[in-house]
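Asker: The structure is given below, and queries will be raised subsequently.
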Amino acid sequence: MTDRYGRDVLAGDWRAPARGRSRPVPAETGLVVEDATTGWVGAVVRVEKAGGQHVVHLEDRHGRLKGFQLGPGFLVDGRPVVLTPPGAAQQARLAAARAATARTASGSRAVQGVKAKVASGSRIFVEGRHDAELVEKVWGHDLRVEGVVVEMLDGVDDLESAIRDFSPGPGRRMGVLVDHLVPGTKESAVVARAATLQPYAAHVLVVGHPYVDVWQSVRPERLGWQQWPVIPRGTSWKHGILRELGWPHATQADVAHGWKRILGTVRTYADLEPSLLARVEELIDFVTAPAAP
């Protein structure tokens, strides 16, 4: 006989949600989850503690990241889960993976747990403090691993004397980075003479970038510009740049503070112009090359 009223609705676990009860799932890297509230779907990138609570960061298929509070409210394969912090073994694997893939600001693979080498005989020379600070920020880790020191020349007007004083030779190479090295400038004439100075020429490499100042090697987008402004002749270039930015520019202290702000926009090599990157990498390769037998 047909049951005209159907089955007993109170039979079984009538309080169970339609998708089933939530089960705990460790938020391991690569796990694809959906936030039930917003519908955001992404793979777990990392879990970190912030403000006294765990936050899970999910990366969607477009590479966008979004953080969510760890806990209930997620779906895995359409079923509810409570995301929990990854276990100790997973944390150890994550730490090892990060160490293996970590990159320095220059884009090189980071060397973990290695102390800086004792300074080698070779050196890289730059024109001034700002050049040295920029090189340190982007290539500092690489140079310390190689034991290469960066020194300042305070200009290149007397580059030949600087080369004689350093006395480069086998195992003691000298690399020099020059500002505004373009044909027809005084810098080009100075470099042409210095690069052939004997008996040092074989152990000296002088390269340069085309910018009026190393400031210009920072991509203008980092400062909200499409390109660096042209400063009229007769106006101090750095003061003019700071004026264009709307920053204080009256004193040398203002210039120093302005450079710190510009340098602060540089995070990695990607924030610098390729013409500077290539020249610095060339110098590093030159001064770290094995000595000829």
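Asker: Can you tell me how many residues within the range 243-264 are without any contact (Cβ under 8 Å) to a residue 12 or more places away in the chain and in a helix (DSSP H, G or I)?
Answerer: Residues of the range 243-264 that are without any contact (Cβ under 8 Å) to a residue 12 or more places away in the chain, as a first pass: 243, 246, 248-253, 256-257, 260, 264.
Narrowing further to those that are in a helix (DSSP H, G or I): 243, 252-253, 256-257, 260, 264.
The qualifying residues number 7.
Asker: Related question: Which of the strands (runs of 3 or more DSSP E) found entirely inside the range 116-206 contain at least 1 residues meeting this: surrounded by fewer than 22 Cβ atoms within 10 Å (Cβ to Cβ)? Explain how you work it out, then say what you get.
Answerer: Values: elements: 123-126, 149-152, 174-178.
Here the list reads 123-126, 149-152.
Asker: G240 is checked against (1) open to solvent by 30 Å² or more (accessible area, probe 1.4 Å); (2) not in a loop (DSSP other than H, G, I, E, B) and fails just one. What number does that condition carry?
Answerer: (1)
Asker: Out of the range 278-293, which residues are among the acidic types (D, E) and either surrounded by 16 or more Cβ atoms within 10 Å (Cβ to Cβ) or not in a helix (DSSP H, G or I) (or both)?
Answerer: Result: E281, single match.
Asker: Still on this model: What do you reckon, is V212 open to solvent by 70 Å² or more (accessible area, probe 1.4 Å) and within 30 Å of I163 (Cα to Cα)?
Answerer: So V212 passes the test.
Asker: Taking the range 243-277, which residues are aliphatic (A, V, I, L, M) and open to solvent by less than 60 Å² (accessible area, probe 1.4 Å)?
Answerer: Applying the first criterion (aliphatic (A, V, I, L, M)) to the range 243-277 yields 245, 250, 253, 255-256, 262-263, 266, 270, 272, 276-277.
Residues satisfying the conditions are L245, V255, A256, I262, L263, V266, A270, L272, L276, L277.
Asker: Has the range 214-226 got at least one residue that is outside any loop (DSSP other than H, G, I, E, B), in contact with a Phe, Trp or Tyr (Cβ under 6 Å, 6 or more places away or on another chain) and within 15 Å of K137 (Cβ to Cβ)?
Answerer: For the range 214-226, residues outside any loop (DSSP other than H, G, I, E, B), in contact with a Phe, Trp or Tyr (Cβ under 6 Å, 6 or more places away or on another chain) and within 15 Å of K137 (Cβ to Cβ): present.
The values are calculated or read from the model by the stated rules, or taken from the named source; none is laboratory data. From a predicted model like this one, the values you see are computed outputs, not experimental measurements. Counting neighbours? That spans all protein chains shown, and the Cβs are built from the backbone with ideal geometry, glycine included. To get the accessible areas, we keep the full protein, side chains included, count just its heavy atoms, and leave off ligands, DNA and RNA. Shrake-Rupley method; radii C 1.70, N 1.55, O 1.52, S 1.80 Å.
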